[in-house]
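The values are calculated or read from the model by the stated rules, or taken from the named source; none is laboratory data. Worth saying up front: this structure is predicted, and the values here are computed from it rather than measured.
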């Protein structure tokens, strides 16, 4: 954006010293620093607010897509149907199966 080096700042400082004078220069520098700080804080808060709005809009879009693709009512209906018929497609599963399940004696 701006490429301001040491010599440009030194030249600006020298011109300010000549124009404003050595008595008022510290007060002017402090006031300028306060205004710059306020401006940065204001820009930071505006940026944070914009980021929050963008994230909220993205979340709304995701929720709308999800609602259109698989509505909650459909999921609830499927869950009710499965619970009414037992397990999925009437198949029963053992109470404990998996890699750490104990096998019956003599089935080795």
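Observations
- Matching residues, the stretch 1-15, being within 38 Å of the chain's Cα centre (by Cα), part of a helix (DSSP H, G or I) and farther than 19 Å from residue 30 by Cα: 6
- Unmet criterion (only one of (1) outside any helix (DSSP H, G or I); (2) modelled with pLDDT of 90 or more; (3) within 30 Å of the chain's Cα centre (by Cα)) for residue 23: (3)
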